[in-house]
Amino acid sequence: MQLTVCTARLTSEVERVLSPYLDRGVAVAVSGGGDSMALLHLARSWAERSRRGIRAVTVDHNLREDSAAEAQFVSDACKAAAIPHDILVWNRQDSSGNLQDAARSARRSLIGDWARRQRVSAVLLGHTRDDQAETFLMRLARGSGVDGLAAMYAVENGDGHDWVRPLLRVSRSSLRQHLDGLGIAWCEDPGNEDMRFARVRMRAARPQLEDLGLDARTLADTAGRMKVARAGLEAATLDLARRIAVPTAAGSVRILADGLWEASEEIRLRLVSHALKWVAASRYRPRLDALGRTLAALRDGKQATLAGCLVVPDGSGGAEVCREAGAVSPAPATVGRFDARWSVSVPEPLRQLEIRALGDRGLRLWPGWRAGPHGRNALAATPSLWQKDDLIAAPLAGLPGDCDCVLAEGVESFFGSIVTH
């Protein structure tokens, strides 16, 4: 009876979250661990009841010797369940920095690209209530504010599809109970025992915290309340942005003084932080202390550089946030997206050329930019087409040269991305 109750609850949770996706392509990201394997089989049962198909995808990070074998384990399980499955291999070029964070970013990027190719509308992730609790503790230890402590969303749009977490209200132990009842095996990640990782240390400390009343449910509920608080702050930021922020087709954001300095410090910081994230196409907010220094410089009428952007005073107390040209890496003209935000189209005969930020040199070579609507700072970081030292095209500066480029997500994405979904 216990297994039946457990299975019924898990089935109900999955159906509750996945009901909007009955007519859309769905895939499951599967590492081979207990959480993702349970999700795979729950999603398969949902798909069978709904008379539809699903896909599965696994990323081999190459972080351990047995990573390829784990990916093959998932492939074999999917084959036995008649679920189409693909393995994506991360060939990392740089081993410096935070390897775990780099692996997470690579996983999201690889799966996102794969989902677009497969025309998948929703990618299912196996995060649980325990993950909510452990993430909350890790961020609390780092001194995070409301945003950092807020719970993960069950549905989050990004990369042209939804990232869906159907199991956020489910415990890790119930998923393993479900797998045991079905006789389904899973892989145990040795990294889950490695005390060098903050998440493993938090997991090890949880029994002591539970004795103090800080169990997974309590921590996850608190994270949920932080999510509600974050939503209110984001709504206030969006309201201010609609009144005083002007995103441009050149990828910059003009922030008017009228209303900026009258807003509360929290909302002001959020607006400028979001402008920096949007202009740099970054996933992360700048550090609070650096952001405070930037706003102090702006109040004094001084230019500042932060997070790959220029914050340029406009002389009236406002500013324009522009991409810093020196932070933009060149790319071959065959690339579809430049600097993570521009959609660039170049005809076949010109694809042997190079795309670069226009920069000071390009602006000198093409004085016609002055006749356009965009300022020098904004245009310096926009895409331009070069043949060695010769400027061929600079579409945003008024030199089309048989080359097109637009913001891939559109100007309105500045406002649409303020509120987390």
Legend entry - Counting all C-alpha pairs of the range 63-141, share separated by more than 16 Å (%): 68 percent
Inset, instruction - Percent of Cα-Cα pairs per 10 Å bin, from 0 to the last occupied bin, for the range 113-243, please list those. - result: 11, 31, 35, 18, 4, 0
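Report in % the part of the accessible area of the range 17-113 that belongs to carbon and sulfur, leaving out ligands and nucleic acids; probe 1.4 Å.
On the way: 2140 of 4710 Å².
Of the solvent-accessible surface of the range 17-113, carbon and sulfur hold 45 percent.
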Inset, instruction - At a Cα cut-off below 18 Å, give the lysines reachable from residue 79, other chains included and same-chain residues fewer than 8 away excluded. - result: none
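Percent relative contact order of the range 55-140, based on C-alpha pairs within less than 8 angstrom and at least six residues apart?
Values: 58 pairs, mean separation 24.3, N = 86.
About 28 percent, as a whole number.
What is the sum of charges around residue 203, taking Lys and Arg as +1, Asp and Glu as -1, for the other residues whose C-beta is under 14 Å from the C-beta of residue 203?
Numbers: positive: 129, 172, 196, 199, 201, 206; negative: 35, 130, 131, 134, 188, 189, 193, 194, 210, 215.
Around residue 203, the charge tally is -4.
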Legend entry - Long-range amide H partners of residue 28 with built H, under 5 Å: 55, 56, 57, 124
Inset, instruction - Skip the ligands, DNA and RNA, and give the accessible area per residue of the chain with a 1.4 Å probe, whole Å². - result: 49 Å²
Inset, instruction - Return the sequence-ordered ³J(HN,Hα) values of the range 324-332 in whole Hz as given by the Karplus equation 6.51 cos²θ - 1.76 cosθ + 1.60 applied to θ = phi - 60°, using x for Gly and Pro. - result: 7, 4, x, 8, 9, 8, x, 8, x
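In whole percent, how big is the carbon plus sulfur part of the accessible area of the range 197-307, probe 1.4 Å, protein atoms only? Intermediate results must be reported in sequence, preceding the final value.
Values: 3110 of 5750 Å².
The C+S portion of the solvent-accessible surface of the range 197-307 is 54 percent.
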Inset, instruction - Give, as a single signed number, the net charge of other residues whose beta carbon lies under 11 Å from the beta carbon of residue 147, with Lys and Arg counted +1 and Asp and Glu -1. - result: +3
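Write down the percent of antiparallel bridges among all DSSP beta bridges whose residues are both part of the chain, to the nearest 5.
So the antiparallel bridges in the chain amount to around 70 percent.
With Rg and the Kirkwood Rh both taken from Cα atoms, where does Rg over Rh land for the range 1-139? Provide the component values of the computation, followed by the final result.
On the way: Rg = 15.8 Å, Rh = 16.2 Å.
Reported Rg/Rh, Kirkwood definition of Rh: 0.98.
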Inset, instruction - Would you mind listing how long the range 289-359 runs along its three principal axes, going by Cα atoms, in whole Å with the largest first? - result: 49, 24, 16
Inset, instruction - With θ set to phi - 60°, apply the Karplus curve 6.51 cos²θ - 1.76 cosθ + 1.60 along the range 356-368 and write out the HN-Hα couplings as whole Hz, x wherever there is a Gly or Pro. - result: 9, 5, 4, x, 5, 5, x, 5, 5, 6, 10, x, x
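Can you give me the relative contact order of the chain as a percent, contacts being Cα pairs under 8 Å and 6 or more apart?
Working: 665 pairs, mean separation 51.0, N = 421.
Taking the mean separation of contacting Cα pairs over the length of the chain, I get 12 percent.
Tell me, what does the Kirkwood hydrodynamic radius of the range 6-61 come to in angstroms if you use every pair of distinct C-alpha atoms?
Working: mean 1/r = 0.0853 Å⁻¹.
Here the Kirkwood hydrodynamic radius works out to 11.7 Å.
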Inset, instruction - Over the range 137-195, consider all pairs of different Cα atoms and compute the Kirkwood hydrodynamic radius from their mean reciprocal separation; express it in Å, one decimal. - result: 14.8 Å
Inset, instruction - Output ³J(HN,Hα) for the range 28-37: one whole-Hz value per residue in order, computed from phi by the Karplus curve 6.51 cos²θ - 1.76 cosθ + 1.60 with θ = phi - 60°, and x for Gly and Pro. - result: 10, 7, 10, 8, x, x, x, 5, 6, 5
Legend entry - Within-13-Å neighbourhood charge of residue 257 [Cβ basis; K, R +1; D, E -1]: 0
Legend entry - the chain: radius of gyration and largest Cα-Cα distance (Dmax), Å: 24.1, 78
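The values are calculated or read from the model by the stated rules, or taken from the named source; none is laboratory data. Only a predicted model underlies this, so the values are computations on that prediction, with no experimental measurement involved. When we count neighbours, we look across all protein chains shown, and the Cβ atoms used for this are built from the backbone with ideal geometry, even at glycine. Areas reflect the complete protein model, heavy atoms only, side chains present, ligands, DNA and RNA absent. Shrake-Rupley method; radii C 1.70, N 1.55, O 1.52, S 1.80 Å.
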